[in-house]
Amino acid sequence: MPKFYELTPQERLAVLVDAGQLDQADADAYATQAALPEAVAEHLIENQIGQFSLPLGVLRDLPVNDALYQVPMVTEEPSVIAAANNGARIARLNGGITVTTMPHRVTGEVVFDGLADLAGAKAMILAREPELFAVAEQAHPSIVRRGGGLKTIEVVIIADRWLKLQLAVDPQAAMGANIVNTIAEAIGHHVGQWLNQMPLVAILANHSTALTTATVQLDPATLATAHQSGEMVAERIAAISALAEVDIDRTVTHNKGIMNGMTAAVLASGNDTRAVEAAVHAHASHTGRYLPLATWQLRDHQLVGTISLPLPVGIVGGAMNALPLVQVNQRLAHITSVETLQALIASVGLVQNLAALRALVGPGIQAGHMALQASALAMAAGATGAEIKLLTDALQSQDKTLANAKQLLNELRDQHKG
């Protein structure tokens, strides 16, 4: 029986439908989805002149908190989804991934510059804090009715120059940028009247300390390769993880690989990839050094992997309501809460890292990577239609260079003519 990745797109959709993981209407949406309607594309961005397509694939059976999830991913990189599926396979052999999330909060900041009496201004704001909660509720009453809204205000003096009100807002199911901006601007205007000075800035802060933590515990035997024992692979993964904690070259590449998978999942969810990446990399630097997002350690003869990072995402609002396939993706992944989406994104990052490190310390990254790059090379050589698969297959046993791909393509075409 062919493996999932060996099927055609239509056959893959049929497998998902037969497994009850996708209904037929959503399968049809994936099969027939073309470019965005012109009106949607025109109103999503400024100066729209065309559309730019990327492939959408699926990470199969990601084991998170005792359930299996089908996770849509959007990426142009051939090896990303293949690696994520390999990492998920190993996680399934070991009981899956455990994820915890902190309450979904988004930070806003209202900053004043050049006040003559910073301490006096801070004391006045703290004394009149209840007024600010009333202002926040008036600014966005609908979020309060849903159980969200402004939750805390912290007033801090920065470098003996700036006075900042740090706002923690519960945006419920939304990512929260527009909600926080509305509340921050309203509070900034109100406090500005007290201080006879308008704020320097009143806006969302993409920094976040609300962390999602995913952990997996692996039996080394499940990590064995054709040429190395599982124990050796586990020891080498722990060693390369330790290297990433002290060598910036390794750290950056380590984290880039994690973001390969996470950004693909975030993009498929309709969320702001730049906001997530900014928050994640800020967290990686929160100690003053740039550190790995995921770590792997040997404990009691088990390899334990952990990733802990902020994930400022939502499941409603913004582009999520405008992009037709986002809702289909949410149904495929059974995403009904922000916490579920955060758990899946963090888990994708963890299994992506596992697969990359196992390849690095085992056969090396290039063999598998170049095998998957063969399709891109075939297209670069000029293959079209059915030629792409024929040339991709031919390249698997050949030197993967553009010159060789072009020569093989010419030979395939000559055979077809004959």
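The values are calculated or read from the model by the stated rules, or taken from the named source; none is laboratory data. Bear in mind that the values here come from a model prediction, so they are computed numbers and not experimental data. Ideal geometry is used to build each Cβ from the backbone, glycine not excepted, and the neighbour counts take in all protein chains shown.
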Condition test on Thr107, is it surrounded by 13 or more Cβ atoms within 10 Å (Cβ to Cβ), under 30 Å from Leu354 (Cα atoms) and under 32 Å from the mean Cα position of the chain (by Cα)? no
Considering only the stretch 62-82, how many residues are under 17 Å from Ser269 (Cα atoms) and part of a loop (DSSP other than H, G, I, E, B)? 2
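Results for (1) touching an Asp or Glu at 6+ places or on another chain (Cβ under 6 Å); (2) hydroxyl-bearing (Ser, Thr, Tyr); (3) surrounded by 13 or more Cβ atoms within 10 Å (Cβ to Cβ), shown as yes or no for each residue.
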residue	(1), (2), (3)
Thr8	no, yes, no
Glu11	no, no, no
Asp18	no, no, no
Ala25	no, no, no
Thr32	no, yes, no
Glu38	no, no, no
Leu44	no, no, yes
Phe52	no, no, no
If you go through the stretch 149-188, how many residues are of a type outside the set (A, V, I, L, M) and farther than 21 Å from Ala319 by Cα? 11
If you check Arg128 against the conditions, is it surrounded by fewer than 21 Cβ atoms within 10 Å (Cβ to Cβ), more than 23 Å from Ala343 (Cα to Cα) and touching a residue at least 60 places away in the same chain (Cβ under 8 Å)? yes
Could you check, for the stretch 65-87, whether at least one of its residues is touching a Ser or Thr at 6+ places or on another chain (Cβ under 6 Å) and of a type in the set (A, V, I, L, M)? no
Here are some conditions: (1) of a type outside the set (Ser, Thr, Tyr); (2) farther than 17 Å from Ala346 by Cα; (3) assigned to a helix (DSSP H, G or I). Phe52 meets all but one. Which one does it not meet? (3)
For Ala159, indicate whether it is under 18 Å from Leu195 (Cα atoms) and exposed (fewer than 12 other Cβ atoms within 10 Å of the Cβ). no
Give, as residue ranges, the helices (runs of 4 or more DSSP H) completely inside the stretch 330-418 that count at least 1 residues that are modelled with pLDDT of 95 or more and surrounded by 15 or more Cβ atoms within 10 Å (Cβ to Cβ). 338-361
Of the residues Arg289, Arg274, which is charged (D, E, K, R), part of a helix (DSSP H, G or I) and free of Cβ contacts under 8 Å to residues at least 12 places away in the same chain? Arg274
Does the stretch 266-275 contain at least one residue that is at pLDDT 95 or above, of a type in the set (Asp, Glu) and surrounded by 17 or more Cβ atoms within 10 Å (Cβ to Cβ)? yes
Take the residues in the stretch 180-215 that are within 27 Å of the chain's Cα centre (by Cα) and assigned to a loop (DSSP other than H, G, I, E, B), then tell me which one is surrounded by the fewest Cβ atoms within 10 Å (Cβ to Cβ). Thr209
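Here's the yes/no breakdown for (1) assigned to a strand (DSSP E or B); (2) modelled with pLDDT of 95 or more; (3) of a type in the set (D, E, K, R); (4) under 26 Å from the mean Cα position of the chain (by Cα):
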{"residue": "Ala84", "(1), (2), (3), (4)": "no, yes, no, yes"}
{"residue": "Arg89", "(1), (2), (3), (4)": "no, yes, yes, yes"}
{"residue": "Val99", "(1), (2), (3), (4)": "yes, yes, no, yes"}
{"residue": "Lys122", "(1), (2), (3), (4)": "no, yes, yes, no"}
{"residue": "Leu126", "(1), (2), (3), (4)": "no, yes, no, no"}
{"residue": "Val144", "(1), (2), (3), (4)": "no, yes, no, no"}
{"residue": "Asp160", "(1), (2), (3), (4)": "no, yes, yes, no"}
{"residue": "Ala168", "(1), (2), (3), (4)": "yes, yes, no, yes"}
{"residue": "Gln172", "(1), (2), (3), (4)": "no, yes, no, yes"}
Name every residue in the stretch 54-83 that is farther than 23 Å from Glu339 by Cα and either in contact with an Asp or Glu (Cβ under 9 Å, 6 or more places away or on another chain) or without any contact (Cβ under 8 Å) to a residue 24 or more places away in the chain (or both), in order of residue number. Leu54, Pro55, Glu76
Right, Ala27: without any contact (Cβ under 8 Å) to a residue 24 or more places away in the chain and under 17 Å from Gln327 (Cβ atoms) or not? yes
Which condition number does His227 fail, the rest of (1) in contact (Cβ under 8 Å) with a residue 40 or more places away in the chain; (2) crowded, with 21+ Cβ neighbours inside 10 Å being met? (2)
Among (1) farther than 23 Å from His207 by Cβ; (2) part of a loop (DSSP other than H, G, I, E, B); (3) not aliphatic (A, V, I, L, M), the one test that Gly314 misses: (1)
